[in-house]
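Scroll down for the structure; my scribbles are underneath it.
Any read-out appearing in this document is the output of simple, stated calculations on the displayed coordinates, not a laboratory observation. No experiment lies behind these values; they were computed from the predicted model shown. With ideal geometry, Cβ positions are generated from the backbone for all residues, glycine too; neighbour counts draw on all protein chains shown.
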Amino acid sequence: MATDAQTSRTLAEKFVERLGKQDPDGIQELFADEIDWYVPGSDALPWTGRRTRREDVAPYFTTMWPHFAPGRSKVALERIIVDGGDVVLLAVWTHTVAATGKEFTTPAAIHLKVEDGRIVRMHLYEDTLTVEKAFSPA
């Protein structure tokens, strides 16, 4: 069944709002039981990779967020593009890595797919080399 653009936009806006509040359980409840989640990156970063179940969503955030210096992150959401059940969030974010003190900025795109009122897909696209370098102690 096709998902209308307004349902997709509303769900994406809730996703963004809950990200901003750092509400991992609230984010997780937006997802379907079975998901296609992909965050590319180095194996040295424990939150990267694939996830396939709703219960994998909150641990992604609770694993990742402590690696960033509190109060030192900035996210600029530039645009939400919606086409039926597909949503693309375009943003630029800046984080400071707690362990190294290095700040990095990367453009990012998040592709969400909505079906039956739930997010079934989340793929993140960012400059993974820049992220990895910020985590390198050298």
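Before moving on, here are some points about what is shown:
- 15 Å beta-carbon shell around Arg121, net charge (K/R +1, D/E -1): -2
- Extension gain from Glu103 to Ala76, taking 0.36 nm per residue of separation minus the Cα-Cα distance: 8.2 nm
- Size check on the chain: the Cα extents along the three principal axes, sorted descending, read 51, 28, 24 Å.
- Folded to 0 to 90 degrees: helix 5-20 orientation relative to the chain principal axis, Cα: 30
- If the chain linking Asp83 and Tyr38 were pulled fully straight, counting 0.36 nm for each residue of separation and taking away their Cα-Cα distance, it would gain 14.2 nm.
- Among the lysines of the chain, pairs at least eight places apart or on separate chains and with Cα atoms under 21 Å apart come to 6.
- A cut-off under 9 angstrom between Cβ atoms defines the neighbours of Val87, and their net charge, with Lys, Arg +1 and Asp, Glu -1, is 0.
- Stretch gain in nm, segment Arg53-Tyr125, where the contour uses 0.36 nm per residue and the Cα spacing is subtracted: 23.9 nm
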